[in-house]
Amino acid sequence: MIRKIVKYPSPVLQKVAQPVEKVTDDIRRLIDDMAETMYAGDGVGLAAPQVGESVRVIIVDVSGGSLSEQEGLLKMINPEVLEGSGEIEFEEGCLSVDDMRVHMKRNEKVKVRYLDENGAQQEMEANDLLSVAIQHEIDHLDGKLIIDNVSRLKRDMYIRKRKRLDDNPVAF
């Protein structure tokens, strides 16, 4: 089921998400819904708070995949970066912060521990775009957004622009 993507400045995006105590069918259903939502929005990653669920679940697919070919889809529950190295600068966008791109510096390579959808602990190393996407989504779990890295003036301008668009929807 495609869910509505929560937009900045919604409070759910700005709070620390709760750890998942047990991987249940409800969590697996959330992951499936998140995948459908991410692919429909042409994203490469999505965190549970972006669909209004304040739990530590992310998905990432940098392969350019689709729902019919999900082999590139990473499903991570309670992900944590164990170590990071190198530096990469990347212009990031976000499904919850429409029409904004921000240059971000991230670790070029990360080692991540997480639970898979069966509740088994996994570890993996990621680099380049996959590393960036994982770090971006984990930031969401910690209540951090790309807009937090722009000046107050740019943030205020963005909020005013979004409010104007939300108050004056175009009908076709």
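Every number in this text was worked out from the coordinates using simple rules, so none of it is lab data. Computed from a predicted model, the values in this text were never measured in an experiment. Please note: Cβ atoms are built from the backbone with ideal geometry, for glycine as well, and neighbour counts cover all protein chains shown.
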Using a Gaussian network model on the chain with a 10 Å cutoff between Cα atoms, which of K15, K154, K75 fluctuates the most? K154
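What ranking of E53, E108 emerges when the number of other C-beta atoms within 10 Å of each C-beta is taken as an exposure proxy, fewest first? Kindly include the intermediate steps, with their values, before the conclusion.
Details: E53 20, E108 17.
Listing E53, E108 from fewest to most nearby Cβ atoms yields E108, E53.
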Relative to the longest principal axis of the C-alpha atoms of the chain, give the angle of the C-alpha long axis of helix 25-40, reported between 0 and 90° and rounded to the nearest 10°. 50 degrees
Can you give me the angle between helix 152-167 and the longest principal axis of the chain, using Cα atoms only, in degrees from 0 to 90, rounded to the nearest 10? 80 degrees
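Specify whether the C-alpha gyration tensor of segment 1-54 places it in the rounded, prolate or oblate class, a ≥ b ≥ c being the square roots of the eigenvalues: rounded for a/c under 1.5, otherwise prolate if a/b is larger than b/c and oblate if not.
Details: a/c = 2.15, a/b = 1.04, b/c = 2.06.
Oblate, since a/c reaches 1.5 and b/c is not below a/b.
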With a 10 Å cut-off between alpha carbons and a GNM built on the chain, which of P11, P49, P79 moves the most? P11
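Taking the beta-carbon count within 10 Å as an exposure proxy, list T37, T24 from fewest neighbours to most. Numbers along the way, then the final one.
Details: T37 20, T24 11.
By the 10 Å Cβ count, ascending, the order reads T24, T37.
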Is the C-alpha gyration tensor of segment 87-136 telling us rounded, prolate or oblate? Criteria: a/c under 1.5 is rounded; beyond that, a/b larger than b/c is prolate, otherwise oblate. oblate
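Label segment 37-117 by shape, choosing from rounded, prolate and oblate, from the square roots a ≥ b ≥ c of the eigenvalues of the Cα gyration tensor; if a/c is under 1.5 it is rounded, and otherwise prolate applies when a/b is larger than b/c, oblate when it is not.
On the way: a/c = 1.40, a/b = 1.09, b/c = 1.28.
Rounded.
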When the chain is fully extended, how far beyond the present Cα-Cα distance does I2 get from N127, taking 0.36 nm per residue of separation? 42.1 nm
Along each principal axis of its Cα atoms, how long is the chain end to end? Whole angstroms, biggest number first, please. 47, 37, 29
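With n ≥ 4 as the cut-off for DSSP H runs, can you work out [θ] at 222 nm for the chain, using -39500 (n - 2.57) per run divided by the number of residues, rounded to the nearest 500?
Values: 3 runs with 46 residues, N = 172.
My calculation for the chain gives -9000 deg cm²/dmol from helical runs alone.
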Whole-Å distance linking the alpha carbon centroid of segment 1-46 with that of segment 125-165 is 16 Å
Where does the charge balance sit around D166 when Lys and Arg score +1, Asp and Glu -1, over other residues with C-beta under 13 Å from its C-beta? +3
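With both bridge residues required to lie in the chain, what share of the DSSP beta bridges run antiparallel, to the nearest 5%?
Values: 27 of 28 bridges.
Approximately 95 percent, going by the DSSP bridge assignments.
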Measuring from label point to label point, each 7 Å out along Cα→Cβ, what is the S151 to E91 span in nm? 1.9 nm
Per-residue HN-Hα couplings for segment 74-87, Karplus 6.51 cos²θ - 1.76 cosθ + 1.60 at θ = phi - 60°, whole Hz, x for Gly and Pro? 9, 10, 10, 10, 6, x, 9, 7, 8, 7, x, 8, x, 9
Counting only Cα, what are the radius of gyration and maximum Cα-Cα distance Dmax of segment 87-172, in Å? 16.5, 48
Taking the chain as the reference, fit the longest principal axis to its C-alpha atoms, fit the long axis of helix 128-141 to the helix C-alpha atoms, and give the angle between the two in degrees, 0 to 90, nearest 10. 70 degrees
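Normalising by the residue count of the chain, find the relative contact order in percent from Cα pairs under 8 Å and 6+ residues apart. All intermediate terms of the calculation are to be shown ahead of the outcome.
Details: 312 pairs, mean separation 40.1, N = 172.
Worked out over the chain, it gives 23 percent.
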With springs connecting C-alpha atoms under 10 Å apart, model the chain as a Gaussian network and identify which of E80, E91, E137 has the largest mean-square fluctuation. E91
